[in-house]
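All of the numbers you see were taken from the coordinates with simple rules; none came from a lab. As the structure is a prediction and not an experimental result, all values here were calculated from the model. No Cβ is skipped: glycine too gets one built from the backbone with ideal geometry, and neighbour counts run over all protein chains shown.
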Amino acid sequence: MEWQDCTVKMEVDVPASAAYNFYSDREAIPRWMPFISSVTVLPDKPDLSRWSLKYKAFGRDIEYSWLARNMQPIPNQKIHWRSLEGLPNRGAVRFYPKSPSSCVVELTVSYEVPQLLAPVASALQPFLERLLRRGLERFASLAQSY
């Protein structure tokens, strides 16, 4: 299987600390990432979370789930994770202060192209980039009203 990386970044009109705090609520991520249908933090192990992805694309209903471990964050700078089972993926969200009232949020997702999507792997990269960009746009809008 082949791994692909996808990175999007966007300026957000909130301080880096506010963006970091808002993004830290993993269970709220489906509010701005339309293809993530649910995130459930395990009550007995808060560094673990169960994720579900549901989306219709390329003429197919795409559904995957995975268990992820949040790695040790760097407060107000970086949140990162890796999957432990299910859909192989890892990634990071970085927060770069631009001014006292704004920051750049950079989201990188790395994933193993699932066998089901191998025939459309070349189209997957720009497709995922658009999805992530739309998600960051929603995140920026929600974070500003948070």
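Within 10 Å of each candidate Cβ there may be at most 13 other Cβ atoms; applying that plus a DSSP loop requirement, which GluC sites (Glu not before Pro) in the stretch 1-71 survive?
Glu2
Rounded to the nearest 10 degrees, the inclination of helix 121-145 to the longest alpha-carbon principal axis of the chain is 30 degrees.
Distance between the 7 Å Cα→Cβ label points at Arg31 and Gln4: 3.0 nm.
Summing Lys, Arg as +1 and Asp, Glu as -1, what charge do residues with Cβ under 14 Å from the Cβ of Phe139 carry, Phe139 excluded? Here the charged neighbours net out to +2. Per-residue ellipticity at 222 nm from helix content only, as computed over the chain with -39500 (n - 2.57) for each DSSP H run of at least four residues, stands at -7500 deg cm²/dmol. Close Lys pairs in the stretch 3-145, defined as Cα atoms under 29 Å apart and 8 or more places apart or on different chains, number 8. Computed from point charges on the beta carbon alone (+1 for Lys and Arg, -1 for Asp and Glu), the dipole magnitude for the stretch 1-105 about its Cα centre is near 80 Debye. Measuring nothing but how far apart in sequence close Cα pairs (under 8 Å, 6+ apart) lie, relative to its length, the stretch 5-66 scores a relative contact order of 18 percent.
Annotation: amide H of Val14 within the under-5 Å range of Cys103, sequence separation 5 or more or interchain, hydrogens built in the peptide plane.
The chymotrypsin sites (Phe, Trp or Tyr not before Pro) of the stretch 42-89 meeting both criteria, a DSSP state outside H, G, I, E and B (loop) and at most 15 other C-beta atoms within 10 angstrom of the site's C-beta, are Phe58.
Maximal additional length on extending the Glu11-Ser65 stretch stands at 16.5 nm, based on 0.36 nm per residue less the C-alpha distance. The value of relative contact order for the chain, using C-alpha pairs under 8 Å at least six residues apart, is 32 percent.
Note on Glu85 and Leu42: their simple-model spin labels are 0.8 nm apart, each label 7 Å out from Cα toward Cβ.
When log10 I(q)/I(0) by the Debye sum over Cα atoms at q = 0.10, 0.13 Å⁻¹ is computed from the coordinates, the matching label among (1) -0.47, -0.71; (2) -0.40, -0.63; (3) -0.33, -0.57 is (3).
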